[in-house]
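The next block holds one structure in the form of C-alpha cells; read it before the comments.
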Ligand code: ATP
C-alpha cells in the first residue's frame with residue numbers, strides 16, 4: 001500500500017515538474033479536483049483525443065462526429081433521469097469528519113480481497129514455474145475460491161441494495177465488514193444519504209426571469225437529442241454511431257485521486273444506434289473492439305480487465321467497465337453500456353417529438369436501441385502517464401527516470417541538440433527543425449551537457465534525440481538516440497523524417513487494432 005502511494009505521489013509530482021498537469025488556481029491555493037493541463041499535458045491530451053477520434057470516426061464509415069453545446073434545455077435532464085437518479089450514496093465519518101462514497105468504501109474492501117488473490121497467484125506461479133495453470137489454480141485452490149466467493153457475495157449484496165435504494169442495508173454492510181475510515185481508523189459512521197452530482201447554473205440577465213440550467217454531467221444527451229437531425233442530414237442507416245468529445249461536470253463527493261476523479265473533466269463517447277433485439281451482439285462487439293483499441297497502445301494486456309456490472313444504471317440492460325491497473329489498483333477506465341431505447345423514448349415523451357427511425361428493410365418505424373462506449377479522456381491520460389513513468393536501473397549502477405509514452409502520443413517527437421553552442425552547429429540544428437516542424441512537434445535544446453539533455457528528454461517522454469556535431473557539417477549526418485533502448489546511430493539528415501515517421505505514425509499504431 002505504501003509503495004502504491006509512493007508511486008502515485010511520484011506520478012503527480014512528475015506531471016507537475018515536467019509541465020503536464022497543474023492544480024487549477026494554484027496561486028489561490030487551488031480548487032479541489034479541478035486541474036489545468038500545461039504545455040506538455042495539452043499536447044498529450046490532444047494526441048489521445050485524436051487517437052480515439054480517428055479510430056472511432058475516421059476509420060468507421062458508419063460513425064460520424066458531433067460537437068454539441070454544454071448548455072442544454074433543462075428538461076433534458078429530467079427526461080434522462082439525471083434530476084431524479086444521478087445520485088451517489090454518501091456517508092460521513094463522525095470522528096474524522098471526512099466524507100466518502102459508501103459504495104466505494106465497500107468496493108475498496110473487495111479490492112483488498114482481490115489483492116490477496118493476486119498475491120496467492122503470484123506465489124503459486126513462482127512455485128510451479130512453467131507448469132502453472134492460472135485458470136486451474138483459481139478454480140481449485142480452496143483459499144482463493146473462498147476469497148473469490150466472499151468478494152462476489154459482498155458485491156452482489158451491494159448491487160442489490162443500491163438497486164433497491166436500500167441505503168440502510170448499505171450502512172449495515174459497511175458495519176458488518178467493519179470498514180474503518182481510511183484516515184482515522186474510526187468506525188463511527190453516519191447514515192448513508194443520496195447526493196445529486198449535477199452542478200446548477202443560471203441562464204439570463206435578470207434574477208426573476210433567469211432559467212435554471214445544469215452543466216452537463218455527460219456528453220451523451222447531446223447526441224440523443226440530435227439523433228434525428230444527424231441521421232437525416234447524414235442519411236445514415238441503422239446500425240450507425242455518433243461520436244463526440246467534450247467537457248462534462250460532476251460535483252463528485254470524494255475527489256482525492258488527482259485527475260482520476262475530477263469535478264470538470266472530458267469524455268469521449270460514442271452512441272451506436274441499432275435495431276431492437278440486436279443489442280447483445282453489438283454490446284459484445286463494442287466490448288471487444290474497445291479493448292483492441294486499448295491494447296494497440298502496447299501498455300500490456302495484464303493491465304486491463306473487464307468488470308461486468310452487478311448494479312445497472314437506470315438506463316441500462318447490460319454494462320461492463322474496462323478497468324486499468326492504476327497506481328492505486330484496478331479501477332474503471334471506460335464503460336460499455338447497452339442503454340436500450342431508454343433515452344430516445346424518454347426524450348420522445350418529454351419533448352412530444354417523434355424520435356423514430358424508418359427501417360426500409362423491415363418497412364416499419366421504431367425507436368432504436370443504443371450501445372455506448374464512454375471513456376474519460378483525463379482518466380486515459382492518467383492511465384498512460386502513470387504506466388509510462390519508470391525508474392530504470394542502468395548497467396553502470398545509476399538510475400534514470402524515463403516516461404515511456406507510446407511514441408504516437410508523445411507531446412514532442414524529437415529534440416534537436418547542437419553538441420556545442422558554436423561553430424555553426426546551432427544553425428544546422430535549427431535548419432533541421434525548420435524542416436521537421438511541418439511534420440512533427442520538435443524542440444531545440446542547447447543548454448547543459450548532452451547527457452543531461454538526454455535525461456531531460458527521457459523524463460519528458462520524447463522518443464528521439466538528435467545531436468548535431470562537427471561531422472554533421474561535413475557529411476550531413478547526425479546521431480539519433482532512441483529513448484527506450486538508449487541506442488544511438490549515425491544517420492543521414494535526409495532520412496530523419498522517415499525514421500521518426502515509422503515510429504510515431506498514427507496509422508501504423510491503429511493498424512495494430
Ligand atoms: P465512477 O464509477 O468512477 O464514478 P462512472 O461509472 O460514474 O464512473 P460513467 O458515467 O460511466 O462513469 O462515465 C464514463 C467515463 O467517464 C468513466 O469510465 C470515466 O473514465 C469518466 N469519468 C466519469 N466520472 C469522472 C470524473 N469525475 N473524473 C474523470 N473522469 C470521469
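Between residue 303 and residue 177, what length comes free when the chain is fully extended (0.36 nm per residue of separation minus the Cα-Cα distance, one decimal in nm)? Intermediate results must be reported in sequence, preceding the final value.
Details: separation 126, 0.36 × 126 = 45.36 nm, distance 2.83 nm.
Stretched out fully, the residue 303 to residue 177 stretch lengthens by 42.5 nm.
Remind me, what semi-axes does region 394-510 give for its equivalent ellipsoid, largest first in whole Å, using sqrt of 5 times each Cα gyration tensor eigenvalue? Could you put the intermediate results ahead of the total?
Details: eigenvalues 88, 70, 30 Å².
With the √(5λ) rule applied to region 394-510, the semi-axes are 21, 19, 12 Å.
Among rounded, prolate and oblate, which fits region 39-83 when a ≥ b ≥ c are the square roots of the eigenvalues of its C-alpha gyration tensor, a/c under 1.5 means rounded, and a/b larger than b/c means prolate?
Because a/c hits 1.5 or more and a/b fails to exceed b/c, region 39-83 counts as oblate.
Calculate the FRET efficiency for residue 168 and residue 251 from the Cβ-Cβ distance with a Förster distance of 35 Å, rounded to the nearest 0.05. Kindly include the intermediate steps, with their values, before the conclusion.
On the way: r = 24 Å, r/R0 = 0.70.
Given R0 = 35 Å and the Cβ-Cβ separation, E is 0.90.
For residue 399 paired with residue 119, estimate the spin-label separation in nm (one decimal), with each label point 7 Å from Cα along the Cα-to-Cβ line.
About 2.4 nm separates the two model spin labels.
Would you mind checking the tilt of helix 167-176 against the longest principal axis of the Cα atoms of the chain, expressed as 0 to 90 degrees and rounded to 10?
The helix 167-176 is inclined about 60 degrees to the chain.
Provide Rg over Rh for region 87-195; use the alpha carbon set for both Rg and the Kirkwood Rh (inverse mean inverse pair distance).
On the way: Rg = 16.9 Å, Rh = 15.4 Å.
For region 87-195, the value is 1.10.
What full-extension length gain, to one decimal in nm, is calculated for residue 446 and residue 71 as 0.36 nm per residue of separation minus the Cα-Cα distance? The partial results should precede the final answer.
Working: separation 375, 0.36 × 375 = 135.00 nm, distance 4.73 nm.
Residue separation times 0.36 nm, minus the Cα-Cα distance, leaves 130.3 nm.
Taking the C-alpha atoms of region 300-453, how large are the radius of gyration and the largest Cα-Cα span, Dmax, in Å?
Calculated on Cα positions, Rg and Dmax stand at 25.7, 78 Å.
For Cα pairs less than 8 Å apart in space and 6+ apart in sequence, what is the mean separation divided by the residue count of the chain, i.e. the relative contact order in percent? Intermediate values should be presented prior to the final figure.
Details: 853 pairs, mean separation 72.7, N = 513.
Taking the mean separation of contacting Cα pairs over the length of the chain, I get 14 percent.
Tell me, what is the FRET efficiency for residue 199 and residue 59 to the nearest 0.05, using R0 = 41 angstrom and their Cβ-Cβ distance as r?
Details: r = 35 Å, r/R0 = 0.85.
Working from the Cβ atoms, E equals 0.75.
What is the distance, in nm, between label points placed 7 Å from the Cα along the Cα-to-Cβ direction at residue 138 and at residue 438?
It is 5.2 nm.
By how many degrees, 0 to 90 and rounded to 10, does the Cα axis of helix 279-295 deviate from the longest principal axis of the chain?
20 degrees
What FRET efficiency comes out for residue 507 versus residue 456 if R0 is 35 angstrom and r is the Cβ-Cβ distance? Round to the nearest 0.05. Please report the intermediate quantities before stating the final value.
Values: r = 30 Å, r/R0 = 0.85.
The computed FRET efficiency comes out at 0.75.
What is the P(r) of the chain, as percent of Cα-Cα pairs per 20 Å bin from 0?
Calculated P(r), rounded to whole percents: 19, 49, 28, 4.
Which angle between 0 and 90 degrees, to the nearest 10, do you get for helix 450-460 versus the longest principal axis of the chain when only C-alpha atoms count?
Tilt of helix 450-460: around 10 degrees.
Quick one: pull the percentage of alpha-carbon pairs in region 184-230 with a separation above 13 Å. Display every interim value, and only then the final one.
Numbers: 809 of 1081 pairs.
Tail of P(r) above 13 Å: 75 percent of Cα pairs.
Taken together, the values in this text are just the output of simple stated rules run on the coordinates, not laboratory data. Note that the structure is a prediction, hence the values are computed from the model and not measured. A quick note on method: Cβ atoms are made from the backbone with ideal geometry, for glycine too, and the neighbour counts reach across all protein chains shown.
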